[in-house]
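Participant: Below: one structure in structure tokens.
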Amino acid sequence: MRVLVIEDDRKVASFIQTGLEQEGYAVDLLHDGEPAGDQAHAIDYDAAVLDLMLPGRSGFQVLRDIRARKASLPVLILTAKDALEERVAGLDAGADDYMTKPFALAELSARLRALLRRGAPRETVLRIADLEVDTARRVVRRGGASVGLRPKEYALLEFLMRHSDRPLTKTLIIEHVWDIHFDSISNVVEVHINALRTKVDRGFNPPLIHTVRGVGYVLSEHAP
């Protein structure tokens, strides 16, 4: 999943980025409100974390811009403004959730997962054949056996599972699993696909991860 964090405090932004990346998210950072609306519109993000006190444009202005152009994007406000009227104003302006600083990264991550599950279809447990991904606990099983995955491997598998039976291009995978600084020329997607095949498919039948020649990859019970 790819998240846009709009936070002018660089230490806080870096803290959020590091924590979310350790859980497998792709994270892009912005420290100014001015370009935030355009970037949120131009890139297919799965969620945004938004501070209210920003240089350039306020968080409320950014939120109104996002809602005008990308109404379905889940937005979590993260701010030091903790007064009741501020929380009400943020939610009324279109935020999906509101957290105040200081905050625990574990709670921020849990709230993001909850927001991502709200959209349809956002089931908590995804299943294809005997492969099961519990997105709430981030647990993967195949044939009842636990499968240990690294954060990016898990993020890639969840993305494939959420779009099962749909061929996905390398570009689309990159846009959701890796951040804006990703080098599209590298073979990191292929490396992670091969790692998933080793951990998820090897020794099991049928194989679920398939290459679609000239397109990309698909996770399906049926070979393309």
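Participant: To the nearest 0.05, how large is the calculated FRET efficiency for Asp38 and Asp165 if R₀ is 25 Å and r is the Cβ-Cβ distance?
Facilitator: Efficiency, rounded to the nearest 0.05: 0.15.
Participant: If R₀ is 30 angstrom, what is the calculated FRET efficiency for the pair Arg197 and Leu105, using the beta carbon separation as r and rounding to 0.05?
Facilitator: About 0.40, to the nearest 0.05.
Participant: Also, I was wondering about something else. How tilted is helix 151-162 with respect to the longest principal axis of the chain? Cα atoms for both, answer in degrees (0 to 90, nearest 10).
Facilitator: 80
Participant: Excluding same-chain residues fewer than 8 positions from Lys170, which aspartates and glutamates have a Cα within less than 13 Å of its Cα?
Facilitator: Qualifying aspartates and glutamates at Cα under 13 Å: Asp183, Glu190.
Participant: With a cap of 12 neighbouring Cβ atoms within 10 Å, and only residues DSSP puts in a loop, list the trypsin sites (Lys or Arg not before Pro) found in region 126-186.
Facilitator: Answer in residue order: Arg137.
Participant: Additional query: Please report the antiparallel percentage of DSSP beta bridges with both residues in region 69-153, rounded to the nearest 5.
Facilitator: So the antiparallel bridges in region 69-153 amount to around 75 percent.
Participant: So what's the back-of-envelope 222 nm ellipticity for the chain, counting only DSSP H runs of four-plus at -39500 (n - 2.57) apiece and dividing by all residues, rounded to 500?
Facilitator: Value at 222 nm, helices only: -11000 deg cm²/dmol.
Participant: Further question: Angle, helix 10-22 long axis vs. longest principal axis of the chain, Cα atoms, 0 to 90°, nearest 10?
Facilitator: Between helix and principal axis, roughly 20 degrees.
Participant: To continue, here is another question. Report, as a whole number in µm² per second, the diffusion coefficient that Stokes-Einstein gives for region 110-224 at 37 °C and 0.692 mPa s using the Kirkwood radius over alpha carbon pairs.
Facilitator: Rounded to a whole number, D works out at 225 µm²/s.
Bear in mind these aren't lab numbers, they're just calculated from the coordinates by the rules spelled out. Given the structure is predicted, the values throughout are model-derived calculations rather than measurements. Note that each Cβ is placed from the backbone with ideal geometry, even for glycine, and that neighbours are counted across all protein chains shown.
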